[in-house]
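All of the numbers you see were taken from the coordinates with simple rules; none came from a lab. Being a predicted model, the structure only gives us computed values, none of them experimental. Counting neighbours? That spans all protein chains shown, and the Cβs are built from the backbone with ideal geometry, glycine included.
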Amino acid sequence: DTAVSQTPKYLVTQMGNDKSIKCEQNLGHDTMYWYKQDSKKFLKIMFSYNNKELIINETVPNRFSPKSPDKAHLNLHINSLELGDSAVYFCASRRTGVDEQFFGPGTRLTVL
Amino acid sequence: AQSVTQLGSHVSVSEGALVLLRCNYSSSVPPYLFWYVQYPNQGLQLLLKYTTGATLVKGINGFEAEFKKSETSFHLTKPSAHMSDAAEYFCAVTLPGYNQGGKLIFGQGTELSVKP
């Protein structure tokens with residue numbers, strides 16, 4: 001009965017590779033987010049989708065491409081991975097009009 | 001633009017002592033304010049939030065925070081620390097309104113250590 005789930009939990013890959021992280025929520029929410037937490041634990045918004053429509057794009061390199069096939073899923077594809085992409089990526093969701101966001105457990109990406 | 005400043009990247013208290021984690025914000029309009037907790041290798045969990053109404057808000061695990069508009073602060077307190085409170089705490093703001101998208105702007109986090 002996990003509310004917001006992410007796969008994989010850990011991802012280790014080489015520079016230059018392409019990888020995807022998947023997020024699913026079973027809360028019936030209509031808005032989903034990707035946040036990046038760097039090595040100093042600083043959290044920053046990357047993207048947000050509402051009803052499969054991109055509503056926030058925070059100056060993220062275009063190597064990052066979010067995709068929302070439906071309201072319950074928001075995936076993150078990263079091309080040509082760089083060392084600086086190493087971080088923990090969190091997915092979150094909320095229902096429009098309700099303030100609380102529910103976070104997934106995170107995906108720790110390590111680029112070697 | 002909104003911003004959040006958490007004073008003290010690391011706070012250490014003894015078990016049973018008062019916990020005080022400081023948060024100041026900057027916003028052009030009254031924001032909504034949140035405290036989240038992150039336990040090691042886990043996601044973020046909402047402790048409490050302020051949107052409107054009573055400025056003293058109570059959250060889970062005995063935490064509370066007071067919104068002080070004049071001081072642009074939203075400090076988090078707990079009267080008596082427990083070992084299980086050791087975690088990273090994040091203060092965050094968002095702007096109300098559908099067209100804001102609900103994005104959270106986070107402070108840099110405060111790591112709370114609790115000594116036996």
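Below is a table of values for the structure above.
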item: Residue within region B:96-116 that is more than 21 Å from A:R94 (Cβ to Cβ), more than 14 Å from chain A (Cβ to nearest Cβ), in contact (Cβ under 8 Å) with a residue 12 or more places away in the chain and surrounded by 15 or more Cβ atoms within 10 Å (Cβ to Cβ) present; result: yes
item: Close pairs from region A:101-112: first within 7 Å of chain B (Cβ to nearest Cβ), partner among the aliphatic types (A, V, I, L, M), Cβ under 6 Å, at least 6 apart; result: A:Q101/A:A92; A:F103/A:A92; A:F103/B:L44; A:G104/A:V4; A:G106/A:V88
item: Of all residues making up region A:62-86, the number that are over 19 Å from A:M32 (Cα atoms) and either within 9 Å of chain B (Cβ to nearest Cβ) or among the aliphatic types (A, V, I, L, M) (or both); result: 2
item: Qualifying residue in region A:75-88 (condition: buried (at least 17 other Cβ atoms within 10 Å of the Cβ), in contact (Cβ under 8 Å) with a residue 12 or more places away in the chain, within 23 Å of B:L33 (Cα to Cα) and aliphatic (A, V, I, L, M)); result: no
item: Members of region A:91-101 found to be buried (at least 21 other Cβ atoms within 10 Å of the Cβ), more than 13 Å from A:K22 (Cβ to Cβ) and not aliphatic (A, V, I, L, M), listed by number; result: A:S93, A:R94, A:Q101
item: Residue match in region B:73-93 (condition: out of contact with any Leu (no Cβ under 8 Å at 6 or more places or on another chain) and either assigned to a strand (DSSP E or B) or within 14 Å of chain A (Cβ to nearest Cβ) (or both)); result: yes
